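Undergrad: This is the structure, below, for whatever I ask next.
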Amino acid sequence: MKKLINNAEDVVVEQLKGFGAAHPEIEVHFDPNFVCVAGGVKDRVAVMSGGGSGHEPLHGGFVGQGMLDAACPGPVFTSPTPDQMYEAGKAINGGKGILQIVKNYTGDVLNFQMAADMLRDEGIEVRNIIIDDDVALKDSLYTAGRRGLGTTVLAEKICGAASLEGYDLDKLTALCKKVNIHGKSMGMALTPCTTPQNGTPSFELAEDEIEIGIGIHGEPGVERTKIKSADEITETLCRHIFEDEAYTRKLSEWDVEKGDWVDTELTDITFQKGDEVIALVNGMGGTPVSELYTVYNKLAEVAGSHGVKIVRNLVGNYITSLEMAGMSITLQKVDDELLRLYDAPVKTPALRWGV
Amino acid sequence: MKKLINNAEDVVVEQLKGFGAAHPEIEVHFDPNFVCVAGGVKDRVAVMSGGGSGHEPLHGGFVGQGMLDAACPGPVFTSPTPDQMYEAGKAINGGKGILQIVKNYTGDVLNFQMAADMLRDEGIEVRNIIIDDDVALKDSLYTAGRRGLGTTVLAEKICGAASLEGYDLDKLTALCKKVNIHGKSMGMALTPCTTPQNGTPSFELAEDEIEIGIGIHGEPGVERTKIKSADEITETLCRHIFEDEAYTRKLSEWDVEKGDWVDTELTDITFQKGDEVIALVNGMGGTPVSELYTVYNKLAEVAGSHGVKIVRNLVGNYITSLEMAGMSITLQKVDDELLRLYDAPVKTPALRWGV
Amino acid sequence: MTEMLTGATVRKWIEKTAAVMAENRTYLTELDKAIGDADHGNNMDRGFKAVVEKLPEGDDIGALLKAVSMALISKVGGAAGPLYGTMFLQGSKPLMGKSEISFEELAQFFEDAVAGVKMRGKAEAGEKTMLDALVPAAEAFRKAGDLDAGLKAAVEAAEQGMKDTIPMIAKKGRASYLGERSRDHQDPGATSSYMIVKALEDAVSEAA
Amino acid sequence: MTEMLTGATVRKWIEKTAAVMAENRTYLTELDKAIGDADHGNNMDRGFKAVVEKLPEGDDIGALLKAVSMALISKVGGAAGPLYGTMFLQGSKPLMGKSEISFEELAQFFEDAVAGVKMRGKAEAGEKTMLDALVPAAEAFRKAGDLDAGLKAAVEAAEQGMKDTIPMIAKKGRASYLGERSRDHQDPGATSSYMIVKALEDAVSEAA
Ligand SMILES: Nc1ncnc2c1ncn2[C@@H]1O[C@H](COP(=O)(O)OP(=O)(O)O)[C@@H](O)[C@H]1O
Ligand SMILES: Nc1ncnc2c1ncn2[C@@H]1O[C@H](COP(=O)(O)OP(=O)(O)O)[C@@H](O)[C@H]1O
Ligand SMILES: [Mg+2]
Ligand SMILES: [Mg+2]
Ligand SMILES: [Mg+2]
Ligand SMILES: [Mg+2]
């Protein structure tokens, strides 16, 4: 294992220290670990997220004006613990409630829910929206359900902008759900990655093999095949995304009336001719951004052939798996509301425009 | 070799196509290959750069408002040819002359000079400033001189802003030279990288070895050592940067009076207590950005111990070597002029703020 | 024959569990690497190290188990943190203030613990999770009728349950993403659950 | 004995050079990998492929060599592109309009070519570059006094010069960054230069 680290047990803390030193506009807290906008949140809904570390810039790199108010980094590839979200929530509470954006991994969901319960005990209103956009997984009955991938980045951007616009907690929660059911993603890996704690690759891939339908935690994907050209790989991911049928599943949500978590049925959209989308071609960390443009080239062509228009795009590393080589594609169907919020100014370490 | 490519002989073209599709505000030209701001340049000095591909986002990712007007990508790790810079120069000529920002590699220098001569034959005024900021190389008499590293990114940002501010060609040329002699860099590699054409790593490094003083073309560095902690590695690079003596060398420049290329002697600054600097912690492509923050943490500490104040920082992948794991550190001493120009709005695919 | 489980034995159980997790850190992580994200051993070791550090003085079994729960919740993360955290939390509730507990109380502890895991993770036995070791262990314990025999039966049932996960296709947790490919691997959580039950038996037989 | 070098032979030389570069693409790149950036073979092969494509009709040796120069300049890139481009450009100038050239004219060609490389690259022999093959080749050619002997001597000198680069420490080009570590490697540019000279001898002896 070759990494720029000092102490494998402590990487998250040493990285957070550097992050804090580089970004004085963001407060870094330790024990429990979280980062949040300096000065707190006033008179609007606070937006927070978090998850295992190793997916940088997600989530810490998206803390700042117009995006996240706080992020809670767990150990590498392990979801954070409730005390992190609890303390972060108290730090950013601006009196209008908190929206938690949570990627759909069992650990993330359970820990965020426990934190939400703890914050609610303190009299803070908390909602919790799960992002599950990975079309590689077809079925929710016999699995933990679709994982959260690139749509998470867009949800954080769009909800952060909406909070600044003054959306109240109900409206913001509904918006976040809307982003989720309008977003579909799928990823692939050329190589595995190595967590600092383990020191060996998370799985093995032969020199001529790739893994399709990979998550972002070094967990194996859903299909292993021989290496293919960038165009063929892109076509495969696009096929899954464009041909994905209306996915229906139950997701846990806080029911304000009942005062309990309830399972709500949700159905994703399918892409139709005439749709306008934001396209995210995301690198897994170890793939040069130049190669992502080869993917984008094919993606734009395939989208065109489906009559789907890419109105905005992001090409780069946004939600990664350490130094894994590979990429994921996310398409988010947008309407005027989503596009306006996406275009709104944002100023974070990893995403910035309009300010 | 595992890469997201279609055809190893054609990677630059396929990547440029995707780049053009993703960034309609940038024109992509083929045969010869170059990218430039759509709509051309009016009534100000045009700024161009270029070099071998494989260093993305450099240079194409820095084309746009407030930075480069054109970039010429050569084959992977091979400098572009004069016809590229010639056609790019004609496309962006706004009547006030052209500044070429050139990294100090023999191939880049020779090809840009030939292009400058060709453009001058067309009646276009061209200046050519060489960036040679790599302190790993101590001596210029017995080598091809210091290589161009991260200072190139800052020169492109600062000169692009100055062109918008209305600097004329003489003033802009002097400014670019000032950036160069105020910038020092040094890099290191944890792993080699593989060019698509060759399919095998550019050099071999044992599982416990790293290379210090590496360039950005997969060429071996100046020292090979056992792997060290991030802090030790950062200290080593910092030692070379902070203890670098006033480096004096001759660089080729166009002499307007003489109408010929002349060798001009230049001497770099050394860092002093009280200096203010921009710090760039640059990933070589395959290193997770999270690890760069560990480096930044130590860098900030070492700079502090030298009484040097980091007033701005960039942490991320800006000038890379394909998927090489490793990083480089650049410190740019700034005064009010350089800082104002650095802070000025910029809108390019890879660097954006204030707009 | 052991009549009552004392606070001291519960403390020993927890310490033993911590030692077992440290010892099996790599093993559990390797199991998780095959069908998960290669962190279960790291998580459990980190968690139980914190447990031992934060264990309060005294004999109050409920307080001890609640402290285990709190430390696990705040140090493990992942799926296992909330699940084991809830398990110890639910199990500890009826035991607050008690410095020794009977067979009946321990049987209830196991059942409450299992109920806690099911509630938190919305899972049932047969889905290739820790429940496949915990559910049969709780049942076997109750059926055996006394502490020593109960623990022996619980360990055997947990071990069998752990092994029974091998041919299963995962339906919960990260392994479920693999579908068919999750077969032929032993579930890491069921394995750590077996270890926890086994550590209790060891602690009790040492105390006897 | 060859009295004059014809346009047809020059054309054959160029085609042979292209074939040799294609054949030795990997070899030259491997040499460059050791002390450079592993692209010299790719560069030369790409360049001479373009040369052959763009070669004009006819016997005008100056025009042929100028076409070589232009194709190299616009297709090779790197250091070798401008250097070889300038070499052929400078060498071609006095040969414009000539359909056959004498020993004297070829000697002049070599000298002009070398001068072009020196001017463009600001280098001298002894710095571990292509000049270490080219300079002795030009000198040996002139000294031999006639075409056939001259080419034989030039090839030998170029080969020796190429080998002499092995113990040298590079002072120019990318290899110079390595300092001491550039020793014990043969310079890729000197190697391609030797191949170019050798291809000329081969073309001439085939024509004879
Ligand atoms: N819904 C669930 N109910 C019960 N146990 C579960 C559930 N999901 C996962 N598990 C258990 O958690 C174990 C994985 O724990 P761990 O690796 O620490 O967390 P993560 O999967 O978040 O990395 C699995 O082996 C399984 O036994
Ligand atoms: N200044 C110079 N003068 C003469 N030859 C040079 C000079 N610099 C480099 N070379 C030659 O160029 C060769 C490298 O060519 P190539 O690999 O194609 O270009 P690059 O170094 O730009 O990758 C070297 O082996 C050397 O012979
Ligand atoms: Mg995990
Ligand atoms: Mg090169
Ligand atoms: Mg796990
Ligand atoms: Mg080379």
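Throughout, read-outs are computed from the coordinates displayed, never taken from laboratory work. Everything quoted here is computed from the prediction, not taken from an experiment. As a convention, Cβ positions derive from the backbone with ideal geometry for all residues, glycine included, and neighbour counts pool all protein chains shown.
Undergrad: So which GluC sites (Glu not before Pro) in segment D:72-172 pass both tests, a DSSP loop state and at most 14 other Cβ atoms within 10 Å of the Cβ? Let's see the in-between values first.
TA: Details: sites: D:GLU100, D:GLU104, D:GLU105, D:GLU111, D:GLU124, D:GLU127, D:GLU139, D:GLU156, D:GLU159; in loops: D:GLU124, D:GLU127.
Qualifying residues, ordered by number: D:GLU124.
Undergrad: Obtain the nm distance between the two label points defined at B:LEU339 and D:GLU124 by a simple spin-label model: each point lies 7 Å from its Cα along the Cα-to-C-beta direction.
TA: 4.8 nm
Undergrad: For peptide B:4-15, how many partner chain Cβ atoms fall within 10 Å of a residue's Cβ, on average? Present the calculation step by step, with values, prior to reporting the outcome.
TA: Details: counts 23, 7, 10, 4, 0, 2, 1, 5, 1, 1, 10, 11.
For peptide B:4-15, the averaged partner shielding equals 6.
Undergrad: For the protein assembly as shown, what is the Kirkwood estimate of the hydrodynamic radius, computed as the reciprocal of the mean inverse distance between distinct Cα atoms, to one decimal in Å? Can you show the working numbers first?
TA: Values: mean 1/r = 0.0316 Å⁻¹.
About 31.6 Å, per the Kirkwood formula over Cα pairs.
Undergrad: Please give the FRET efficiency for B:GLU209 paired with B:GLU301, using the beta carbon to beta carbon distance and R0 = 35 Å, rounded to the nearest 0.05.
TA: Once the sixth-power term is evaluated, E becomes 0.85.
Undergrad: On to the next question. Please give, to one decimal in nm, the separation of the simple spin-label points placed at A:LYS90 and A:ILE227, each 7 Å out from Cα toward the Cβ.
TA: Each label point is offset 7 Å from its Cα along the Cβ direction, giving 5.2 nm.
Undergrad: So, one more: Please give me, ordered by residue number, the GluC sites (Glu not before Pro) of segment A:1-58 that lie in loop per DSSP and have at most 15 other Cβ atoms within 10 Å. Write down the numbers at each step before the final one.
TA: On the way: sites: A:GLU9, A:GLU14, A:GLU25, A:GLU27; in loops: A:GLU25.
Passing sites in segment A:1-58 are A:GLU25.
Undergrad: In deg cm²/dmol and to the nearest 500, what is the mean residue ellipticity at 222 nm of chain A if only DSSP H runs of at least 4 residues count, each as -39500 (n - 2.57), divided by the residue total? List each step's numbers first, then the result.
TA: Details: 8 runs with 105 residues, N = 355.
My calculation for chain A gives -9500 deg cm²/dmol from helical runs alone.
Undergrad: Let me ask you something else. Which one of B:GLY20, B:LEU190, B:GLY54 is farthest out on the positive end of the charge dipole of chain B, using unit charges on Cβ (Lys, Arg +1; Asp, Glu -1) and the Cα centre as origin?
TA: B:GLY20
Undergrad: Something else about it: Can you give the local net charge around D:ILE101? Use residues other than it whose beta-carbon is closer than 15 angstrom to its beta-carbon, Lys and Arg +1, Asp and Glu -1.
TA: Details: positive: D:ARG11, D:LYS12, D:LYS66, D:LYS93, D:LYS98, D:ARG142; negative: D:GLU3, D:ASP59, D:ASP60, D:GLU100, D:GLU104, D:GLU105, D:GLU111, D:ASP112, D:ASP146, D:ASP148.
After counting each charged neighbour, the total is -4.
Undergrad: So how far, in whole Å, is the C-alpha centre of segment C:40-73 from the one of segment B:24-92?
TA: Each part's Cα centre sits 60 Å from the other's.
Undergrad: May I ask you to list the GluC sites (Glu not before Pro) in segment A:236-310 that are in a DSSP loop and have at most 16 other Cβ atoms within 10 Å of their Cβ?
TA: Values: sites: A:GLU243, A:GLU245, A:GLU253, A:GLU257, A:GLU265, A:GLU276, A:GLU291, A:GLU301; in loops: A:GLU243, A:GLU245, A:GLU257.
Those satisfying the criteria are A:GLU243, A:GLU245, A:GLU257.
Undergrad: Reachable lysines from A:LYS258, Cα under 23 Å, same-chain residues fewer than 8 places away excluded?
TA: Leaving aside lysines fewer than 8 places away in the same chain, those within reach of A:LYS258 are A:LYS96, A:LYS171, A:LYS177, A:LYS178, A:LYS250, C:LYS118, C:LYS122.
Undergrad: Give me a single rounded figure for D:63-75: the average over its residues of other chain Cβ atoms within 10 Å of their Cβ.
TA: Values: counts 0, 0, 0, 0, 0, 0, 0, 1, 0, 1, 8, 7, 4.
Averaged over the peptide's residues, the number is 2.
Undergrad: Using a 10 Å Cβ count of at most 13 others and DSSP loop calls, identify the longest part of chain B lacking such trypsin sites (Lys or Arg not before Pro). Show your work: numbers first, answer last.
TA: On the way: sites that count: B:LYS42, B:LYS258, B:LYS273.
By the stated rule (loop sites, at most 13 other Cβ atoms within 10 Å), B:43-257.
Undergrad: Quick one: Debye curve from the alpha-carbon atoms of segment B:140-184 only, equal weights, vacuum; give me log10 I(q)/I(0) at q = 0.23 Å⁻¹ to two decimals.
TA: So the normalised log intensities are -0.78.
Undergrad: So, in Å, what gap is there between the alpha-carbon centers of segment A:136-215 and segment D:5-35?
TA: What the calculation gives is 51 Å, centre to centre.
Undergrad: Mind checking the mean number of beta-carbon atoms from other chains within 10 Å of the Cβ atoms in B:182-192? It would help to have the intermediate numbers written out before the result.
TA: On the way: counts 0, 0, 0, 0, 0, 0, 1, 1, 5, 3, 2.
So the per-residue partner count for this stretch is 1.
Undergrad: What's the Kirkwood radius of segment D:5-207 in Å, using all Cα pairs? Intermediate results must be reported in sequence, preceding the final value.
TA: Working: mean 1/r = 0.0611 Å⁻¹.
This gives a value of 16.4 Å.
Undergrad: OK, next. Give the distance, in whole Å, between the Cα centre of segment C:142-167 and the Cα centre of segment B:305-355.
TA: Each part reduced to its Cα centre gives a spacing of 61 Å.
Undergrad: Run the quick spin-label model on B:ALA38 and A:THR248: label points 7 Å from Cα toward the beta carbon, then report their separation in nm to one decimal.
TA: So the two model labels end up 4.3 nm from each other.
Undergrad: Can you give the % of DSSP beta bridges in the protein assembly as shown that are antiparallel, to the nearest 5? Show your work: numbers first, answer last.
TA: Values: 80 of 130 bridges.
Restricted to the protein assembly as shown, the bridges split so that about 60 percent are antiparallel.
Undergrad: If you take every residue apart from A:VAL346 with its C-beta less than 15 Å away from the C-beta of A:VAL346, what net charge results, scoring Lys and Arg +1 and Asp and Glu -1?
TA: On the way: positive: A:LYS157, A:ARG312, A:ARG340, A:LYS347, A:ARG352, B:LYS347, B:ARG352; negative: A:GLU25, A:ASP69, A:GLU156, A:GLU165, A:ASP343.
With Lys, Arg at +1 and Asp, Glu at -1, the net is +2.
Undergrad: Moving to a separate point now. Output, in nm with one decimal and in ascending order, the distances from the B:TRP353 label point to the matching label points of the other copies (7 Å from Cα along Cα-to-Cβ).
TA: 1.8
Undergrad: Which chain B residue comes nearest the axis with its C-beta when you rotate B onto A, and by how many angstrom?
TA: In residue-and-Å form, the answer is B:GLY286, 2.
Undergrad: For a quick check, take a GNM of chain B with Cα springs below 10 Å and name the residue from B:ALA91, B:ALA246, B:ALA71 with the largest mean-square fluctuation.
TA: Looking only at B:ALA91, B:ALA246, B:ALA71, the largest GNM fluctuation is found for B:ALA246.
Undergrad: Which of the helices in chain A meet the span-like rule: DSSP H, Cα axial reach of 20 Å or more, Kyte-Doolittle mean at least -0.5?
TA: What comes out of the filter, once short or polar helices are dropped, is A:106-121, A:151-165, A:289-305.
Undergrad: Further question: Viscosity 0.890 mPa s, temperature 25 °C: Stokes-Einstein D of chain A from its Kirkwood Cα radius, in µm² per second? Let's see the in-between values first.
TA: On the way: Rh = 20.1 Å.
This corresponds to a translational diffusion coefficient of 122 µm²/s.
Undergrad: Related question: Compute the helix-to-body angle for C:80-92: its Cα long axis versus the longest principal axis of chain C, expressed 0 to 90° and rounded to tens.
TA: 30 degrees
Undergrad: Put the label 7 Å from Cα along Cα→Cβ for A:THR270; what are its distances to the other copies, in nanometres, shortest first?
TA: List, nearest first: 7.2 nm.
Undergrad: OK, next. Checking the cross-link filter: which aspartates and glutamates have an alpha carbon closer than 13 Å to that of B:LYS298, excluding same-chain neighbours under 8 positions apart?
TA: Once the sequence-local aspartates and glutamates are set aside, what remains near B:LYS298 is A:GLU14, B:ASP231, B:GLU232, B:GLU235.
Undergrad: Let me ask something else about it. With Cβ to Cβ distances under 15 Å as the rule, what net charge do the other residues near D:GLU3 carry (K, R +1; D, E -1)? Don't skip to the end; give the middle numbers.
TA: Details: positive: D:LYS98; negative: D:GLU100, D:GLU104, D:GLU105, D:ASP146, D:ASP148.
Once all neighbours under 15 Å are counted, the net charge is -4.
Undergrad: Have a look at segment C:35-75 and give its Rg and Dmax from the Cα atoms, expressed in angstrom.
TA: Spelled out, the Cα radius of gyration and Dmax of segment C:35-75 are 11.9, 40 Å.
Undergrad: For the cross-link pairs B:LYS90/D:LYS98; A:LYS3/A:LYS347; A:LYS103/B:LYS333, which exceed 32 Å when the distance is taken from alpha carbon to alpha carbon? The partial results should precede the final answer.
TA: Values: B:LYS90/D:LYS98 35 Å; A:LYS3/A:LYS347 29 Å; A:LYS103/B:LYS333 42 Å.
Going by Cα-Cα distance, B:LYS90/D:LYS98; A:LYS103/B:LYS333 fall outside the 32 Å limit.
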